[in-house]
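The values are calculated or read from the model by the stated rules, or taken from the named source; none is laboratory data. No experiment lies behind these values; they were computed from the predicted model shown. All Cβ positions, even for glycine, are placed from backbone atoms using ideal geometry, and neighbour counts span all protein chains on display.
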Amino acid sequence: MFESLLIANRGEIARRIIRTARRMGLRTIAVYSDADADAPHVAEADEAVHIGPAAARDSYLRIDAIIEAAKRTGAEAIHPGYGFLSERPDFPAACAAAGIAFVGPPAEVVASMGSKIAAKRLAVAAGVPVVPGVDADSGDDAALVAAAGAVGFPLLVKASAGGGGKGMRVVEAAADMAEAIGTARREAKAAFGDDRLLLERLVRSARHVEVQVAADHHGAVVHLFERDCSVQRNNQKVFEEAPAPNLADEIRSRLLDDAVRLAHSIGYRNLGTMEFLVDAATGEHFFLEMNTRLQVEHPVTEMITGLDLVEWQLRIAAGEPLPLAQDAIRASGHAIEARLLAERPEAGFLPASGRVALWREPVPRPGLRIDSGIASGSEITVHYDSMVAKVIAHGATRDAARQALIRGLSDLTVLGPDTNRAFLVDVAGHGPFAEGRATTAMLRDLFPGGWTRPSLAPDRAAGIAAALVAGAARPASRTPWTALRGFRILAPAGRPAVQDYTVTIDDGRETARILFDGTAVSMVTPEGPVSIQVDGGPSALSFRIDGDSRRGTAVVEGETVAIRLGEAEWRASVRTALDAHEAAGAGGAGSDTLLAPMPGIVAEVKVAAGDVVAAGQPLIVIESMKLFQTLSAPRAGTIATVAVKAGETVPAGHRLVALAPETTS
């Protein structure tokens, strides 16, 4: 076994690998970019090496920097985690050339199975069925557009390299092909360094089922059962579970056999995952791709088998035989994983970023596991994937695991950037998921008009925010009069005092009136004062509202506050009415201005000042967390101003392009 291990990754997977390596007695080495200097994985490793600027292409995707870090620290092995370089064949090749063990399959296997095109051809050769489509891409967009007719619509445009939904687009009609191909190529190039694409028939009513396989250097191959990953949004997994619910034994047996046979046929080594599409209507199954790495969802397999898959990876990479034969591998109970993402589900799952004001995990309990890459004070940036943590629950039955998952998600608190936590709780309680009947279309069918975030009435949310900021600003040893800013109501000492505040939540503004009575802070409502009892803490406030049995949590930082009450979460900016009036400037942009819908990097500027554009014409491409969004003209007109350039990092709401005002004749 090795004595030292470098982890060529970041976030929760780096921390998870460090845990196993440390338990096995290995010295651990982390790598980090400028953006991750204070990240938890850096602090937890025995050593850490800086590898470059924040952008992944300048740090985590630099093979030379990773190899140099390994040589400098004397690392005997490198674990790639998932994403980044984990499925780049030149990475294990570079490790081999440097005399460093790569914790994964050899370069030739990564090359053959890392390409969806090559993998499909190998599957056909092994007698494993594949989804009909076109797998020849010379880089000619026009040729792909022409080939789409033979596949038929709707279809999928998919990146040949990598996974995770990057470089994947559903195309409903021929007119949409060119834009879909262009966007998919950009995403694939940014995420995997390879912009080759393929086309596949879209199976509407489908289940996404995958099989975990393990193979050693001595010819042994086993499966560790299957996982269901059907719950997806924008072609990215949201929930994963093991075993797959309501899967016929005949189908399960075919999947397991095909996965092991294909792994044998290609001479696979280490851990990998065979992904299949199962037609929910016919029971047909099709091989999709092989992930030649550890999967994000590996914890559900660990929880039903009791095995440590990272330990298996390390032992196989060190040349040891598989720890168990097939007939010795057992599964018990059910496990479900939810991916916690920094995003806005109510806004089409747009990525979110910013500083984490509070990260508070549930009290540890049997059957609940949290794999996290953040802590209070962490910065979630636009440069990396939006996943910040995973919540995994295990139970004797599927419903016991599901209920434990809901409790774990409800007991988790993350304040600051928007996340999908409340969305996960909502979906886990819905009928199709609760009954184990999910398909890849479930989320689209459940929320045809989009998901709505749990919220309070605007005046109520504003009143709570103002009361918390006002209460936090009041020194405990002084009178409530010291908390009044902007103007004061001159009443005798000890008499109630009232202060008006302007509260901004998202793009809306509310006026809140707060009453100070010497010992408490209250919201003034049409029905009368409602008191808010606040208990201070070193990092967060706990509060209770009169007449409400729930206890909320908030973090106040100056004039801003992040709040959670029940499943409702919101952020607000609070100022006295006078301060807000003095700071007010020009109004917001209207239909003449295009604003950034999310923080990100300007990937492409398609127009210049003076250009005449049509309504809906693409103007700007924004990249955030490896995903691309094309922003179009809100109306026809002439471009007056282009306020950004390619490569520029912009916050949400930043002015991008302005149209000249419409003229009336």
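Could you list, in sequence order, the residues of the stretch 52-72 that are more than 22 Å from the chain's Cα centre (by Cα) and buried (at least 22 other Cβ atoms within 10 Å of the Cβ)?
Filtering the stretch 52-72 down to residues more than 22 Å from the chain's Cα centre (by Cα) leaves 52, 62-72.
Selection gives I66, A69, A70.
I'm trying to understand the selection: among the residues of the stretch 309-334, which are out of contact with any Gly (no Cβ under 8 Å at 6 or more places or on another chain) and closer than 30 Å to F423 by Cβ?
Those that are out of contact with any Gly (no Cβ under 8 Å at 6 or more places or on another chain) and closer than 30 Å to F423 by Cβ: L309, V310, A331.
Within the set of pairs 6+ apart or on separate chains, which have a first residue in the stretch 601-630 that is in the same structural domain as A191 (by TED's automatic domain parsing), a second that is polar (S, T, N, Q), and C-beta atoms under 9 Å apart?
Qualifying pairs under 9 Å: none.
Name the one entry in F287, F225, F276 that is surrounded by fewer than 21 Cβ atoms within 10 Å (Cβ to Cβ) and in a strand (DSSP E or B).
Only one candidate passes the filter, namely F225.
Among the residues of the stretch 130-153, write down those that are of a type outside the set (A, V, I, L, M, F, W, C) and either surrounded by 19 or more Cβ atoms within 10 Å (Cβ to Cβ) or assigned to a helix (DSSP H, G or I) (or both).
Selection gives G133, D135, D137, D141, G149.
Could you list, in sequence order, the residues of the stretch 614-626 that are crowded, with 20+ Cβ neighbours inside 10 Å and of a type in the set (A, V, I, L, M)?
L619, I620, V621, I622, M625
Regarding the stretch 11-29, can at least one residue be identified that is under 22 Å from the mean Cα position of the chain (by Cα), over 20 Å from L309 (Cα atoms) and not assigned by TED's automatic domain parsing to the domain that holds S372?
No: the stretch 11-29 contains no residue that is under 22 Å from the mean Cα position of the chain (by Cα), over 20 Å from L309 (Cα atoms) and not assigned by TED's automatic domain parsing to the domain that holds S372.
When you scan the stretch 168-187, do you find a residue that is at pLDDT 90 or above and part of a loop (DSSP other than H, G, I, E, B), even just one?
Looking for residues that are at pLDDT 90 or above and part of a loop (DSSP other than H, G, I, E, B), one finds at least one in the stretch 168-187, hence yes.
Could you check, for the stretch 287-295, whether at least one of its residues is at pLDDT 95 or above and among the acidic types (D, E)?
no
Could you please give the count of residues in the stretch 510-526 that are of a type outside the set (S, T, N, Q), surrounded by fewer than 19 Cβ atoms within 10 Å (Cβ to Cβ) and modelled with pLDDT of 90 or more?
Selection size over the stretch 510-526: 3.
Taking the options S115, S160, name whichever one is assigned by TED's automatic domain parsing to the domain that holds D279 and either within 30 Å of the chain's Cα centre (by Cα) or at pLDDT 90 or above (or both).
None of the others qualify; the one that does is S115.
Looking only at the stretch 510-536, count every residue that is closer than 18 Å to S455 by Cβ and in contact with a Pro (Cβ under 9 Å, 6 or more places away or on another chain) and tell me the total.
The number of residues fulfilling the criteria is 2.
Considering each residue of the stretch 66-118, count those that are touching a helix residue (DSSP H, G or I) at 6+ places or on another chain (Cβ under 7 Å) and more than 16 Å from A8 (Cα to Cα), and give that number.
6
Given the conditions (1) farther than 24 Å from Q232 by Cβ; (2) crowded, with 24+ Cβ neighbours inside 10 Å; (3) small (G, A, S), and given that G373 satisfies all but one, which numbered condition is not satisfied?
Going through the list (1) farther than 24 Å from Q232 by Cβ; (2) crowded, with 24+ Cβ neighbours inside 10 Å; (3) small (G, A, S), G373 breaks only (1).
Can you say whether A470 is buried (at least 16 other Cβ atoms within 10 Å of the Cβ), out of contact with any Cys (no Cβ under 9 Å at 6 or more places or on another chain), at pLDDT below 95 and closer than 30 Å to V231 by Cα, as far as the supplied structure shows?
In short, no.
Only residues that are touching a Lys or Arg at 6+ places or on another chain (Cβ under 6 Å), hydroxyl-bearing (S, T, Y) and within 21 Å of A244 (Cα to Cα): list them for the stretch 405-453, please.
T439
Consider S86 carefully, then state whether it is among the polar types (S, T, N, Q) and within 27 Å of D36 (Cβ to Cβ).
On the way: among the polar types (S, T, N, Q): yes; within 27 Å of D36 (Cβ to Cβ): yes.
Yes: the conditions hold for S86.
Out of all the residues in the stretch 290-324, which are surrounded by fewer than 21 Cβ atoms within 10 Å (Cβ to Cβ) and either among the hydroxyl-bearing types (S, T, Y) or not assigned by TED's automatic domain parsing to the domain that holds I117 (or both)?
Matches in the stretch 290-324: T305 only.
If L350 meets every condition in (1) within 26 Å of the chain's Cα centre (by Cα); (2) modelled with pLDDT of 95 or more apart from one, which number is that one?
Answer for L350: the failing condition is (2).
If you check every pair at least six apart or on different chains, which have Cβ atoms under 6 Å apart with a residue in the stretch 502-517 that is closer than 18 Å to G528 by Cβ first and a residue that is among the small types (G, A, S) second?
What qualifies is A512/A462; A512/G463; A512/A466; I514/A466; I514/A467; I514/A470; L515/S522; F516/A497.
Could you tell me how many of the residues in the stretch 123-149 are small (G, A, S) and within 19 Å of F287 (Cβ to Cβ)? Working first, answer last.
Taking the stretch 123-149 as the starting set, the residues that turn out to be small (G, A, S) are 123, 125-127, 133, 136, 138-139, 142-143, 146-149.
Filter once more, so that each one left must be within 19 Å of F287 (Cβ to Cβ): 123, 125-127, 133, 136.
Residues meeting the conditions: 6.
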